[in-house]
Structures are given as C-alpha cells and as structure tokens.
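Some notes on the structure that comes next.
The values are calculated or read from the model by the stated rules, or taken from the named source; none is laboratory data. Given the structure is predicted, the values throughout are model-derived calculations rather than measurements. Please note: Cβ atoms are built from the backbone with ideal geometry, for glycine as well, and neighbour counts cover all protein chains shown.
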Amino acid sequence: MQEQKLLDIVSRRADLEEGAEGVRLLLREVYRSKRIGTKELAYRTYLPVPVVAAVRRELEKEGLIKRDRGAVLTDEGLMFVRDQLGFIYEDRVMCPTCDGKTITVPERFMPLKEQLELKLARRPKPLPEIDQTHGTPETALLRALYMMEKGDLEGRNILFLGDDDLTSIAVGLMKAARDVSVVDIDSRVLNAIEESAKNEGFDYSCIQHDLRDPLPEALLNRYDVVFTDPPYTLNGLTLFLSRAVTSLRRGRGAVIYLAFAHQPPRRMLMAQKIINTMGLILTERHLRFNRYEGAEILANTTSLMRLETTDQSSPLVAGRFDGKLYTGEITRTVRTYRCRCGESVRVGAEERLQTVQDLKRLGCVKCGKKKGFQIVEKKKLKDDMLQRLTLREYKWSDFPIVLGFEREVAELSFPSSPILDEKIHRLKLERAVSRTPEGLKVAVLDDEVAGWLWLKTEKDRSTDERFGYVKSIVVRKNLRLQGFGRALLKEAEKHFHRKGVSRVDLIVSATNHIAEAFFEGAGYRREHSTMRKRLMQED
C-alpha cells in the first residue's frame, strides 16, 4: 500500500520508535485540530516535543504539512489523509472538562486549589540533575481527589516516595488521611513540606533518605497507600516501585499511585514487565493526568497509574542500589538549539546549560532572547566506562572473585539447594579450562574484574543442532543496571557467531525476575519451563 510505504519512510527518517502508526496518529491530530502548535501536538500524541518536531519536518519535506502559526495540512496533505488514510471525523468526543482524567475539581474544593497555589509558589527551585520538575497546584489537588474517589485517602496510612510536587500537602488539606509520611532525598523539599504542615496543624513524618538504600525498618510493611513520581527511567521505575512494595502492608489490595512518562513501545513493554514481575496489578491508567510547570520535552504531562499488590508481590531490588538512576546519568545527551538570530547553543551533559529550561531562563548568549529556539541536532554521548571495558581469558588468580560470582549464580538459580562448595566449583572450572578455555572470559574495568562469562557450545540431542549456551553471565554488583550486562551479552553472542552458531540458549530461574526481564529486553524468549511440585508423604 502506497500510504503505508510513505508512513514507514517518514517514521524511519525521523527515527520514530512508534513506526508508521505514530506518524498516522500525528497526522490525525493535525487533521482534527486544523492548526496546532508543536507542544500541543506532542501533548495530543504522547510523544516528546523533539520527536514531534522531527516527524513534522519530514512531513513538510513530503509536502503534507506546512507551518502557518502551527502545523497545518497542505491541500495535498488533506487529500492524502482523507483518500489514503480514510480520515472522516474531525470531532473530539472526549470530555472537554476533564480531558480524560475522569475527575474535575468540584466547587467546594476550589478554596483548596487557591491555598495550594500560594503554598506551592514557595517551593524550592527544581533540580534537573535528580529529575525534579514541579507539578501544577491543580495536579496536586486532582491527585488527592482521585485518591479520595478510589477509597485510598480516608482513614489510610499514606507514604510519599519523593514529593517535590507537594502532593502530600494537597492530601493534608483534605483532612481525611490517618497518617502521612514523606521520604525525599532533597532536604529543601522536606523543609517546605514541614513548614506547610506545621502551619496547617498536620502531624507529618518527613524523612530525608536516598532510596538507593533500603528504607528504614520503621517504614517497612506499615502503609496502605504509596504515591510516587520517580525518575522516568526503567532503573528509576524499578527502584522506586521496589521501595514502595517493601513499605506496604503484606497481602493483597494495598495501593501504589505511579506517575510516569509515556515511553516508546520497547521501553513501555519493559515497564509493564517490571510491574508484572513485582506481582502488581495495573487497575487504571490515565494518560495526560499530571501537568507540570517544567518537563517541556514531555509536553509538560505524564500519566497516572493505580497499581494494587497481590499475594505474590515482592521487590526486584531489595538491597542497596548502585546503578545509574536519573535521566542525565543514563541518557547523556547534548542538544543543539538555534536562536532566531542564527546563534547555535549547545544544551545538555557537560555543557554550561544543562536543560532547555536553563536556556529559556538565561537566554541566547548572543542576542539575549529567551524564546524562539529550534532544535537542530540531538546527540547521545557514549558512556566512557563502557568504552573502557575489556575482555580477557580466565586466569587462576581470578578464582576468588569468580568463585563469588558462581556462588551468587547458584543462590539465584537454585535458592533451595545452591552448590556453594569451593571444591566443586574449582573442579568444574578445571574441567572447563582443560577443554574450552576460550569460553571462560573475565571482564576488566580499570584493571579490576568487573564481570564474568562462562560460555559453552552444546549439541541438541533431538535435532543434532549445535548451539551456544551461556552458563554464567555476571556483573559486579556496583556496576549493575548500567549497560555492562548488555555489553557482556553482546560479546557472548559475537563469540558464538565466530563459532558458526546461530542459536543461543540460557537458563533463568523463575525466581530471578531481574535476569528474566534483562534477557527478554535483549531479545531472548522463553521456550520451555520446568514445573515442579513437592508431593506430601501419604499417611
């Protein structure tokens, strides 16, 4: 189909992970709106502003869109969307009052909104380096009202894991929760909350704590509801949800409110797997529920999810987390913006201006204007540490460290009966060294052992097919969730490719949820499962 080919071409040129359907959605919103700005278009399509701008430029090249105080379909574009894509209706049938949130602020709660506007105006400046961006006062109140509507406010013990939006103050003004606690890494945020709580007579518990460390014992298994708006990274999601699970009362029916940005399909799928793997049920999701004063790349909006615990809920991260957490750590990006005066300004990692908000606040270095910037280039910086990672063959001087790796693998793979005996592990390694030493690889970072690969080539007894088998793949604990595991897996696949092997197998315990999510993210699929039942002795 000609129209599908054109949509595919545009999506590839714009590097749009949503593919042709993403381009179709964007065209549909332009058609329905007749004229629409880039930020509003991003808001309507759930795509980041730079991505929308890239797609719009490609559609302009194809002659389907032009700019006239916003994006407008050309005559050719109008004919294309009607004749080729079959667009007919321009109507919007979503409730214009709530815009899909399902709730609004009733008249009796309007005074609370006015109070919140005054209190939130005194919030400390957000810190982009820890992914802070302030939600609007209306968003804070809508969150509290939504919790009330779902029965998660009145008489509940509520914990906020991070609260630079001061949603806890909105909850306090409702005067319905039994107990409210706030955990945040930023003492400025806690001071602002404590001051407002004191002025209103709230008895709040505010705890300064870095969630990379497990929660204090006093906060474990005591809350009915957790609200969190974590860093919009998969590591941030995993860590904050893990801490939320540990803080909630045991059993089914405890609730987590999760504010999270819309993600491209692959990352959204991983986010869903993280939620499922922790034994959490997604009961509701409202797109564009949260509005922010910052987060302009996300069109100032994110979704709100309501999750419930089950009897199988458990955290993916139980101990200390040493990986990268925030967006700037994981995706180190430099964007080049062009001012209307022609000056180009670099914004991002290792630059004087870290965010586009900094650029708009300080203005163009040449003309001083604070508006009218157009993004012209986006570049991801390579991770220096990953570039320094090397592989070498195993040496017996590595044995103490490798023994620790193999014991950890045994405990994760066979938690009820792990093999920890040093002699057994030494014997297995001696056999491997004598038979296939090239399959034993040690990862080194700055002259220190950073990881371990144990690779074997096997033959399928049913088909006689030769296949690669990843017996062990381990990264040092303080380097996990930073891309090193993926780098080792790629090296393993290269190893098998050189041996003429096109199939790679590995075994993951059903209880090792982090490894399961990791391998699925790398394209591995479960083909067989070992199921086991312990039979009771008959009387």
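One residue stands out in region 152-188 among those that are part of a loop (DSSP other than H, G, I, E, B) and in contact with a strand residue (DSSP E or B) (Cβ under 6 Å, 6 or more places away or on another chain): the one that is nearest to residue 223 (Cα to Cα), namely 156. Inclusion of residue 177 among residues that are over 23 Å from residue 328 (Cα atoms), out of contact with any helix residue (DSSP H, G or I) (no Cβ under 7 Å at 6 or more places or on another chain) and at pLDDT 95 or above is not warranted. Going by the conditions given, is residue 386 of a type in the set (A, V, I, L, M), in contact (Cβ under 8 Å) with a residue 24 or more places away in the chain and under 15 Å from residue 473 (Cβ atoms)? In short, no. Go over the candidates 154, 195 one by one and state the one that is among the acidic types (Asp, Glu), modelled with pLDDT under 95 and outside the structural domain of residue 484 (by TED's automatic domain parsing). Exactly one of 154, 195 is among the acidic types (Asp, Glu), modelled with pLDDT under 95 and outside the structural domain of residue 484 (by TED's automatic domain parsing), namely 195. Give me the residue from region 467-509 that is without any contact (Cβ under 8 Å) to a residue 60 or more places away in the chain and among the hydroxyl-bearing types (Ser, Thr, Tyr) and, out of that set, nearest to residue 411 (Cα to Cα). Of everything passing the filter in region 467-509, 469 is nearest to residue 411 (Cα to Cα). Scanning region 252-269 for residues that are surrounded by fewer than 18 Cβ atoms within 10 Å (Cβ to Cβ) and over 20 Å from residue 310 (Cα atoms) returns 264, 265, 266, 267, 268, 269.
Within region 367-381, residues that are free of Cβ contacts under 8 Å to residues at least 12 places away in the same chain reach partners that are exposed (fewer than 12 other Cβ atoms within 10 Å of the Cβ) and of a type in the set (D, E, K, R) with beta carbons closer than 8 Å, at six or more positions or on different chains, in the pairs 370/361. Evaluate the following for residue 86: is it under 20 Å from residue 4 (Cβ atoms), assigned to a helix (DSSP H, G or I) and not polar (S, T, N, Q)? So residue 86 fails the test. Within region 199-213, restricting attention to residues that are out of contact with any Lys or Arg (no Cβ under 7 Å at 6 or more places or on another chain) and either among the polar types (S, T, N, Q) or in contact (Cβ under 8 Å) with a residue 40 or more places away in the chain (or both), the residue that is farthest from residue 115 (Cα to Cα) is 208.
In region 171-190, of all residues being more than 17 Å from residue 141 (Cβ to Cβ) and more than 28 Å from the chain's Cα centre (by Cα), the one that is surrounded by the fewest Cβ atoms within 10 Å (Cβ to Cβ) corresponds to 178.
For the residues 101, 66, the requirement of being outside any helix (DSSP H, G or I), of a type outside the set (Val, Ile, Thr), modelled with pLDDT under 90 and under 29 Å from residue 356 (Cβ atoms) singles out 101. Name the single residue, out of those in region 319-342 being small (Gly, Ala, Ser) and under 14 Å from the mean Cα position of the chain (by Cα), that is surrounded by the fewest Cβ atoms within 10 Å (Cβ to Cβ). The residue in question is 328. Of the residues 47, 59, the single one that is surrounded by 20 or more Cβ atoms within 10 Å (Cβ to Cβ) and assigned to a loop (DSSP other than H, G, I, E, B) is 47.
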